[in-house]
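Asks: Below is one structure. I have some questions about it.
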Amino acid sequence: MTNTITRRTAILGSAGALLLSGLVRSFADTPKTLKLAVILDSLSDVGWCRTLLNSLEDMKTAKPEGLEISWDYTDPLYGDDAENAMRFYAESGQYDIIWGHSTYSDQVKKLSAEFPDLMFVVTGSGNHPVGANQYWIYKRLHEPSYLLGMLAGHTTKSGMIGVVGTFPANDVNDQINAFFEGAKAIKPDIQHRLSFIGSWSDNALAAEHANVQIAAGADVVFMLTDNFKPCQEHKIMCFANINDQNKVAPDAIASSAIISWKPDLEWIIGEWLKRKAGAQFSGNAEPRWFSMAEGGTDIAPYHDFDGRIPQVVKDEISAKRQEIMSGKFVVPLNTAEVK
């Protein structure tokens, strides 16, 4: 390489040599690897976490900008334990991004200024703007939830549908409101039942709430939790969210509102590369989320229910999906707590 530069220096002169040397240094400085430390708030097989790990696997295969991507992740950690883990990762000097996959802004705020060259990422509601080197991501599932609501409106025989929620959080309420609005668009006089279990993963309590709603007449239930046994036992249609969970209960789950972290990861990697090229971190004060049209969310296939849903209904939902994708129809973003 040195001999090549010397020969070209004689031909191009000093100005050309300086340019060529700069290009060589620039090429040499281009990152070849990216390593993340991921702090999980749940077990790795829970949808919120599993979808991120799956998307990381996809990005590893895709090698954006030629990067070799790797990561380590924790068991579920909270509070001081999460902060200690972040500090351990930061002080090791082995990681480029620390990704807190839930509400970890309090921990990041204590560490971000101390480690200004590290990028921190937090996800979901309950976080707060830290700026600088913290980036804040949301997942908005209101668009596919609206489509599931339409299917519920077409499917219900009792005229009553239900939702078993986790917490009345900003990014949970948007799904619920959209689901009910989608159902009302089909059946304006439809009734609904709603309850929150006060947990992200208490499946036993989720089953209790679902059974109460079914006993009250709900014959289609949107489960924002991971227990579908009540749907199977009562032989009613259910919907899942976060990831396609049909294989868990193929006789009950007709479809799911699903997420992908690919656009989020592409954005984060792009911001990290800007920093590596000399820019400053510019962590967002308002949470960033990617729409259905941007690849952030979608509706899962109908699987075994495909032949049980009338073609005219599937066509109507498909047409509405295309309208959402094109921007012709905008699903209202309503984060108010549902009564």
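None of the figures in this text is laboratory data; all of them are computed from the coordinates on show. Bear in mind the structure is a predicted one, so any value in this text is a computation, not a measurement. Here the Cβ positions follow ideal geometry from the backbone for every residue, glycine too, while neighbour counts run over all protein chains shown.
Asks: Below 12 angstrom from the Cβ of ALA82, what's the summed charge of the other residues (Lys, Arg +1; Asp, Glu -1)? Each step should come with its number before you reach the end.
Replies: Numbers: positive: ARG87, LYS110; negative: ASP41, ASP75, ASP80, ASP81, GLU83, ASP106.
So the environment of ALA82 carries a net charge of -4.
Asks: Here's something else I'd like to know. I want to check a number: in the stretch 187-298, how many lysine pairs have alpha carbons closer than 25 Å, given a sequence separation of 8 or more or different chains?
Replies: 6
Asks: About the Cα centre, and with charges only on the beta carbon of Lys, Arg (+1) and Asp, Glu (-1), how big is the dipole of the chain? Nearest 20 debye, please. Don't skip to the end; give the middle numbers.
Replies: Working: 31 positive and 41 negative charges, 200 e Å.
Its charge dipole is roughly 960 debye.
Asks: State the label only: which of (1) 35; (2) 41; (3) 27 corresponds to percent of Cα pairs over 34 Å apart computed from the shown model?
Replies: The value matching this structure is (1).
Asks: A further question follows. Sequence neighbours fewer than 8 away in the same chain don't count; with that in mind, list the aspartates and glutamates whose C-alpha is under 18 Å from LYS110.
Replies: Within the straight-line limit of under 18 Å, LYS110 reaches these aspartates and glutamates: ASP80, ASP81, GLU83, GLU91, ASP96.
Asks: I'd like the distance separating the alpha-carbon centroids of the stretch 156-192 and the stretch 269-335, in whole Å.
Replies: 19 Å
Asks: While we're looking at this one, here's another question. Working out 0.36 nm times the residue gap between LYS157 and LYS235, then minus their Cα-Cα distance, what length gain in nm do you get to one decimal?
Replies: The LYS157-LYS235 span can extend by a further 26.8 nm.
Asks: Applying 1/(1 + (r/R0)^6) with R0 = 25 Å to the Cβ-Cβ distance of SER282 and TYR73, what FRET efficiency is obtained, to the nearest 0.05?
Replies: Working: r = 26 Å, r/R0 = 1.04.
The pair SER282/TYR73 has a calculated efficiency of 0.45.
Asks: Which aspartates and glutamates, if any, have their Cα less than 14 Å from the Cα of LYS63, not counting same-chain residues under 8 positions apart?
Replies: Partners found: GLU266.
Asks: In degrees from 0 to 90, rounded to the nearest 10, what is the angle of the helix 311-326 Cα long axis to the longest principal axis of the chain?
Replies: Result, in degrees: 30.
Asks: In addition: For the chain, take the longest principal axis of its alpha carbons; what is the angle in degrees between that and the long axis of helix 142-155, to the nearest 10 within 0 to 90?
Replies: 20 degrees
Asks: What are the trypsin sites (Lys or Arg not before Pro) within the stretch 110-193 that DSSP puts in a loop, where the Cβ has at most 15 other Cβ atoms within 10 Å?
Replies: LYS157
Asks: If each residue of separation counts as 0.36 nm, what is the full-extension length gain between LEU273 and ALA249 once their alpha-carbon separation is subtracted?
Replies: 4.5 nm
Asks: Evaluate the Debye formula for the stretch 169-252 with equal point scatterers sitting on the alpha carbons, no solvent, and hand back log10 of I(q)/I(0) at q = 0.11, 0.19 Å⁻¹, in q order, two decimals.
Replies: Once normalised to I(0) and log-transformed, intensities are -0.28, -0.89.
Asks: Measure nothing but the geometry: give the 0 to 90° angle between the long axis through the Cα atoms of 262-276 and the longest principal axis through the Cα atoms of the chain, rounded to 10°.
Replies: 20 degrees
Asks: In the stretch 78-116, which GluC sites (Glu not before Pro) are in a loop and have at most 11 other Cβ atoms within 10 Å, using DSSP for the loop call? Let's see the in-between values first.
Replies: Working: sites: GLU83, GLU91, GLU114; in loops: GLU114.
Within the stretch 78-116, the qualifying GluC sites (Glu not before Pro) (loop, at most 11 other Cβ atoms within 10 Å) are GLU114.
Asks: With springs only between Cα atoms under 10 Å apart, run a GNM on the chain and tell me which of ASP298, ASP72, ASP244 wobbles the most.
Replies: Greatest mean-square fluctuation among the candidates belongs to ASP72.
Asks: Another question, if that's okay. If I take R0 = 41 Å and measure r between the Cβ atoms of LYS328 and ASP106 in this structure, what FRET efficiency does the formula 1/(1 + (r/R0)^6) give, to the nearest 0.05? Kindly include the intermediate steps, with their values, before the conclusion.
Replies: Values: r = 41 Å, r/R0 = 1.00.
It comes out at approximately 0.50.
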